[in-house]
Amino acid sequence: AVAPDLAGRRVVISAGGTREAIDPVRFIGNHSSGRQGYALARTAAARGADVTLVAANVDLPDPAGARVVRVSSAVELSEAMAAERAGADAVVMTAAVADFRPVTSAASKIKKSGAAPAPIELVENPDILAGLVVDREREGLEQTIVGFAAETDDVIANGRAKLARKGCDLLVVNQVGGGRAFGTEDNQATVLASDGAVVDIPTGPKEALADRVWDLVVERLPRGAR
Ligand code: PMT
């Protein structure tokens, strides 16, 4: 039996990859399948949490016991997270969010003209994770905020810099590239905590990694607030 150590807690998890429209048929996207986020939702529900899963372009069955909110773009994900974060004990951002989006999405399909293709002008998307931390600080909430990071090089050094920049409590750093993490059954990570803790999670099913992340969240939740 699983310990119901998240009973009475509300958790919000983002999963999948955002799509930024170029025209009605094309987008800028990424290889996130949503599996890691769905594993977090399933394991949190099994541990008794009230789970909201914000899913960006995920083609997986709804996890048992989770309420699923569907979005596509980074701006839609940002709006959904802003609406759902209120009253949550923990917020976990596993979604792979496009850092940039096209300034405009063409109303009709872009055609070949024979001339050189027009460049796609980009604008920066909001940093959703950093924004969640700002909202929490402003409201003085006791909320544990977890980010994920996908890094190809200097994984730990880049992870530490990202943890400091985003201000979250835990950053789960995945090594990606070479067929790792995106779309796979298994994952591996080093978790960096703002309190200085460093926890290695060896390669294993995404459910096992999710359970280790919840262990670290449970240790940091305020006691007696249930
Ligand atoms: O979905 P799977 O196929 O199972 O793959 C899982 C995964 C590899 C996508 C997942 O484990 C993972 O690493 N997710 C984070 C991917 C990512 O976009 O990392 P990042 O280093 O670009 O972003 C760092 C953090 O900031 C993330 O929590 C991200 O959600 C957040 N972010 C990033 C950009 C942005 N504009 N807003 C954000 O909130």
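The values are calculated or read from the model by the stated rules, or taken from the named source; none is laboratory data. As the structure is a computational prediction, the values presented were derived from the model and not from experiment. As a convention, Cβ positions derive from the backbone with ideal geometry for all residues, glycine included, and neighbour counts pool all protein chains shown.
Conditions (1) closer than 30 Å to Arg220 by Cα; (2) charged (D, E, K, R), marked per residue:
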| residue | (1), (2) |
| --- | --- |
| Val69 | yes, no |
| Ala88 | yes, no |
| Val92 | yes, no |
| Val103 | no, no |
| Ile110 | no, no |
| Ser113 | no, no |
| Glu121 | no, yes |
| Pro126 | yes, no |
Failed item, numbered, when Gly224 is tested on (1) more than 29 Å from Gly87 (Cα to Cα); (2) modelled with pLDDT under 95 | (1)
Among Val134, Val146, which is the only one that is within 27 Å of Glu84 (Cβ to Cβ) and surrounded by 16 or more Cβ atoms within 10 Å (Cβ to Cβ)?
-> Val146
Every listed condition ((1) within 16 Å of Lys206 (Cβ to Cβ); (2) away from the ligand (no atom under 16 Å from the Cβ)) holds for Gly65 save (1)
Of the listed residues (Ala150, Ala157), the one being at pLDDT below 95, more than 12 Å from the ligand (Cβ to nearest atom), at negative phi and outside any loop (DSSP other than H, G, I, E, B) is Ala157
Test for Ala55: is it small (Gly, Ala, Ser), in a helix (DSSP H, G or I) and crowded, with 21+ Cβ neighbours inside 10 Å | no
Residues located in segment 176-206, provided they are in a strand (DSSP E or B), within 15 Å of the chain's Cα centre (by Cα) and over 25 Å from Asp135 (Cβ atoms) | Asn187, Ala189
Which of the residues belonging to segment 2-44 are on the phi > 0 side of the Ramachandran plot and either at pLDDT below 95 or assigned to a loop (DSSP other than H, G, I, E, B) (or both)?
-> Gly8, Gly34
Hey, among the residues in segment 132-147 that are within 13 Å of the ligand (Cβ to nearest atom) and touching a helix residue (DSSP H, G or I) at 6+ places or on another chain (Cβ under 7 Å), which one's farthest from Gly17 (Cα to Cα)?
-> Val133
Every residue from segment 77-103 that is over 26 Å from Arg47 (Cβ atoms) and free of Cβ contacts under 8 Å to residues at least 24 places away in the same chain = Glu79, Val103
For the subset of segment 185-211 comprising residues that are free of Cβ contacts under 8 Å to residues at least 60 places away in the same chain and more than 16 Å from Ile156 (Cβ to Cβ), which member is farthest from the ligand (Cβ to nearest atom)?
-> Asp195
State which residue is farthest from the ligand (Cβ to nearest atom) when the search covers only segment 90-131 and only residues that are surrounded by 14 or more Cβ atoms within 10 Å (Cβ to Cβ) and of a type in the set (Gly, Ala, Ser).
-> Ala106
Of Asp23, Asp50, the only residue that is closer than 20 Å to Val218 by Cβ and either touching a helix residue (DSSP H, G or I) at 6+ places or on another chain (Cβ under 8 Å) or surrounded by fewer than 20 Cβ atoms within 10 Å (Cβ to Cβ) (or both) is Asp50
